[in-house]
Amino acid sequence: MLADRIKNLEPSPTIALDARVRELMRQGKIIINLGVGEPNFSTPKYICDAAIDAINSGFTHYTPAGGIPELRAVIAKYSREKLNLNYSADEIIVGAGSKSLLYNIFQILCNPGDEVLTPTPTWGTYFELIKLSGATPVEVSLAPPFKLTADDLRKKITPKTKVILLNFPSNPTGAIIKKTELKKIGDLAIEKNLYIISDEIYGQMTYANPHPTLSTVVERGCVSIASLGDEIKKRTITVNGFSKSFAMTGWRVGWGGGPREIIDALIALQGQTTFANSSISQRAALAALNGGKIELQEMMAELRARRDFITTELTKIDGLEWAIPEGAFYFFVSVKKLLSKKYPTSAAWCEGMLGKEGVAVVPGEAFHAPGYFRLSYGAAMEEVKKGVRGIANFIQS
């Protein structure tokens, strides 16, 4: 008999969709995949060269469980210079991707019966990681434009609340929490003696200027909540990584920053589970932080062009509602006005579009927000253009 924690585990909808798309393509069907959660850019050559150098020089053995010292030091330096976070190297841990670190963080913070405030729409994996720790995810449902406030959180706090979970720019909405509201959230955590887990994996992927045809939209970069005061920092664990902003999804390198006692506990747990991350990937990550400014700027310029194209095209399609993403590379689109007896849910609607037009998007059910779909513009521009045409054709038909 399997353990209850595994029997109650929900498979990842995005991974399941990707597997379905790959199978359909293997069968010879033409599929436009706008469901993927990664940018289509290749890992920059200088990062790959660093990995090759690591292999050629024999840097292929175990490393310290928390990461090689030089990488932890460079992450701390990067955090100070880019994120205004004053972490020392021993307040940094390197892990096998941010997902692995998030799993471990919930394991060391949560006991059975604890509650974790989880704003939705959100990445469904959070719910499963929380449940695996024995804690209970408590939904904090947000209405468009999905901007979390301290008041939203306060309404859901109970004596069992242990953690506030933040993710911004958000997957799937691309929304950013304003600095003034972040300060209120931090003050709330201090008042109620709560931890904050701040997943900032998309934090460097923001858009500085408004869309040219919609000049009233104000877009700002992200602020790390742990930078807003020592007391907030003491109860915050920042999670970040290399997957998105350095196009390194397959390298599996994430990092976390936080109070020394929490980082030490994470290193102890990691030492007994995944142990250290790949030595080769760590050398690649070290190279990424020592360069990468030009590559990230070029990536964001291309993503902005895709976002602006989609913005223009979606305004031509009746029945859809959406907000311009301030960061990441997703649109979260409402199809509530288009649901019918034939397609009564967004999951059915997305399935129908995949079958008729060969366009794959992720239904809102995967993000605890029925009635929507997530459209990724991590795909190449040509794919994005074909996908948007397919969405329009499906609606018109």
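The values are calculated or read from the model by the stated rules, or taken from the named source; none is laboratory data. All values derive from a computational prediction rather than experimental measurement. Positions of Cβ are generated from backbone atoms using ideal geometry, with glycine treated the same way; all protein chains shown enter the neighbour counts.
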Problem set entry | Contacts under 8 angstrom Cβ, first residue in the stretch 166-179 being assigned by TED's automatic domain parsing to the domain that holds Leu102 and outside any strand (DSSP E or B), partner of a type in the set (S, T, N, Q) and surrounded by fewer than 24 Cβ atoms within 10 Å (Cβ to Cβ), 6 or more apart | Pro169/Thr206; Ile176/Thr206
Problem set entry | The listed residue being in contact with a Lys or Arg (Cβ under 9 Å, 6 or more places away or on another chain), more than 18 Å from Tyr202 (Cβ to Cβ) and either surrounded by fewer than 23 Cβ atoms within 10 Å (Cβ to Cβ) or of a type in the set (Ser, Thr, Tyr) (or both), out of Tyr330, Tyr372, Tyr343, Tyr377 | Tyr372
For this session: Determine, yes or no, whether Glu81 is at pLDDT below 95 and charged (D, E, K, R).
Result: yes
Problem set entry | Selected residue [within 19 Å of the chain's Cα centre (by Cα) and either farther than 27 Å from Lys178 by Cβ or crowded, with 22+ Cβ neighbours inside 10 Å (or both)] from Lys316, Lys244 | Lys244
Seminar exercise, completed: In the set Leu83, Leu101, Leu132, the lone residue that is farther than 22 Å from Ala226 by Cα, touching a helix residue (DSSP H, G or I) at 6+ places or on another chain (Cβ under 8 Å), crowded, with 16+ Cβ neighbours inside 10 Å and in contact (Cβ under 8 Å) with a residue 40 or more places away in the chain is Leu132
Seminar exercise, completed: Scanning the stretch 257-287 residue by residue, those small (Gly, Ala, Ser), surrounded by 15 or more Cβ atoms within 10 Å (Cβ to Cβ) and modelled with pLDDT of 95 or more turn out to be Gly257, Gly258, Ala265, Ser278, Ser279, Ser281, Ala284, Ala285, Ala287
For this session: Filter the stretch 226-270 for residues that are over 14 Å from Asp90 (Cα atoms) and assigned to a helix (DSSP H, G or I) and give the result.
Result: Ala226, Ser227, Asp230, Glu231, Ile232, Lys233, Lys234, Thr249, Gly250, Trp251, Leu269, Gln270
For this session: Report yes if Lys99 is at pLDDT below 95, under 22 Å from the mean Cα position of the chain (by Cα), assigned by TED's automatic domain parsing to the domain that holds Ile177 and part of a helix (DSSP H, G or I), otherwise no.
Result: no
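Yes or no, residue by residue, for (1) assigned to a strand (DSSP E or B); (2) modelled with pLDDT of 95 or more:
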site	(1), (2)
Val140	yes, yes
Ala143	no, yes
Lys184	no, yes
Ala189	no, yes
Ser215	no, no
For this session: Scan (1) at pLDDT 95 or above; (2) under 22 Å from the mean Cα position of the chain (by Cα) for the single condition Lys179 breaks and write down its number.
Result: (1)
For this session: Would you be able to say whether some residue in the stretch 55-76 is of a type outside the set (D, E, K, R), at pLDDT 95 or above, closer than 29 Å to Asp4 by Cβ and assigned by TED's automatic domain parsing to the domain that holds Glu139?
Result: no
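A quick yes/no check of all residues on (1) touching an Asp or Glu at 6+ places or on another chain (Cβ under 8 Å); (2) of a type in the set (Phe, Trp, Tyr); (3) part of a loop (DSSP other than H, G, I, E, B):
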| site | (1), (2), (3) |
| --- | --- |
| Ile47 | no, no, no |
| Ile55 | no, no, no |
| Ala73 | no, no, no |
| Tyr78 | no, yes, no |
| Tyr87 | no, yes, yes |
| Pro112 | no, no, yes |
For this session: Go through (1) touching a strand residue (DSSP E or B) at 6+ places or on another chain (Cβ under 6 Å); (2) assigned by TED's automatic domain parsing to the domain that holds Gly95; (3) not in a loop (DSSP other than H, G, I, E, B) and name the single condition Ala285 misses.
Result: (1)
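Listed here are the residues, each with its yes/no results for (1) of a type outside the set (D, E, K, R); (2) farther than 15 Å from Phe332 by Cα.
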{"site": "Leu117", "(1), (2)": "yes, yes"}
{"site": "Thr125", "(1), (2)": "yes, yes"}
{"site": "Thr136", "(1), (2)": "yes, yes"}
{"site": "Thr149", "(1), (2)": "yes, yes"}
{"site": "Asp152", "(1), (2)": "no, yes"}
{"site": "Lys160", "(1), (2)": "no, yes"}
{"site": "Pro169", "(1), (2)": "yes, no"}
{"site": "Thr180", "(1), (2)": "yes, yes"}
{"site": "Gly186", "(1), (2)": "yes, yes"}
